[in-house]
Amino acid sequence: MKKTVQQFIVNLTNSAKDLAPIVLVIAFFQIVVLQQTIPNLSEIIIGTLFVLVGLTLFIYGLKLGLFPIGETLAYAFVKKGSITWLLIFSFALGFGSTVAEPALIAVANEAANVAQLGGLITTQAEITEYAKTLRYTVAISVGLAVMIGVMRILKGWPIQYLIIGGYSLVIITTFFAPDFIIGIAYDSGGVTTSTITVPLLTALGVGLASNIRGRNPLTDGFGMIAIAALLPIIAVMLFGILQ
């Protein structure tokens with residue numbers, strides 16, 4: 001118990017150091033540049049404290065739960081020796097973590113609202129369906145990306161060829177995609193790799209590379225996030241083309 005409290009205090013201190021530059025920048029521009037008092041100061045202070053505690057708990061939770069479970073599952077599947085089950089698990093992990101990603105939910109809902117303002121959809125049912133379809137399109141593409149990332153680790157494929165080939169497809173699909181979907185597609189690639197997806201996929205990649213003979217966790221274990229951020233861009237633009 002004492003060790004847990006000490007670790008929490010250390011994490012809290014580190015989180016405060018991470019947040020300090022943001023607070024100082026906002027305070028500087030508000031007070032010195034704009035020369036205005038900070039509105040709702042008490043609410044902002046309370047909110048900042050909530051962010052500080054939440055960030056601390058989140059980071060501690062990653063170290064305590066998500067990273068270990070990702071590495072443990074990777075080790076278990078390598079020990080089992082079934083590539084089929086490993087790939088099924090990889091797809092399910094990528095799909096499930098992306099569907100639950102708060103940033104993706106926010107972007108999908110906003111994209112649906114903007115599509116309504118642009119006259120592409122009209123009813124509330126169409127708005128809900130548009131946001132849901134966009135989310136599932138991105139989630140499926142991330143699932144496939146994780147499978148590709150796992151195969152890269154298993155086979156030892158150089159990541160630079162996958163990235164160059166992937167962005168070549170991004171450029172090609174950009175020429176054919178409707179203008180209204182291009183920005184959403186590029187943003188979707190960014191929001192998929194956020195609070196839930198990143199720690200799970202990183203742990204899976206490092207765990208696999210650590211437990212497969214001939215693989216280096218440093219050179220082979222990383223890179224899965226880059227692939228997971230790449231494929232949704234292509235998938236969403238295809239979604240716009242086929243819509």
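Can you bin the chain into rounded, prolate or oblate? Criterion: square roots of the alpha carbon gyration tensor eigenvalues sorted a ≥ b ≥ c, rounded for a/c under 1.5, prolate for a/b above b/c, oblate for the rest.
oblate
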I need the Debye-formula profile for region 162-226: one equal scatterer per C-alpha, no solvent, reported as log10 I(q)/I(0) at q = 0.23, 0.24, 0.25, 0.28 1/Å, two decimals.
-0.96, -0.99, -1.03, -1.11
How large is the helix-only mean residue ellipticity at 222 nm for the chain, computed as the sum of -39500 (n - 2.57) over DSSP H runs with n ≥ 4, divided by its residue count, in deg cm²/dmol to the nearest 500?
-27500 deg cm²/dmol
Would you mind pulling out the separation of the Cα centroids of region 177-243 and region 99-164, in Å?
10 Å
I'd like the per residue volume of the convex hull spanned by the Cα atoms of region 113-219, given in cubic angstrom.
108 Å³
The Cα extents of region 39-146 along the principal axes, largest first and rounded to whole Å, are 54, 42, 17
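Between Trp85 and Ile31, what is the FRET efficiency for a Förster distance of 51 Å, r being their Cβ-Cβ separation, to the nearest 0.05?
0.30
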Lys/Arg Cβ at +1, Asp/Glu Cβ at -1, dipole of region 1-103 taken about the Cα centre: which of Val53, Thr84, Val10 is farthest positive-ward?
Thr84
Looking at the chain as a GNM with Cα springs under 10 Å, which of Val23, Val53, Val191 has the largest mean-square fluctuation?
Val23
What does the extension gain come out to for Glu110 and Gln243, with contour length at 0.36 nm per residue minus their alpha carbon separation?
46.1 nm
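Every number in this text was worked out from the coordinates using simple rules, so none of it is lab data. Worth saying up front: this structure is predicted, and the values here are computed from it rather than measured. A quick note on method: Cβ atoms are made from the backbone with ideal geometry, for glycine too, and the neighbour counts reach across all protein chains shown.
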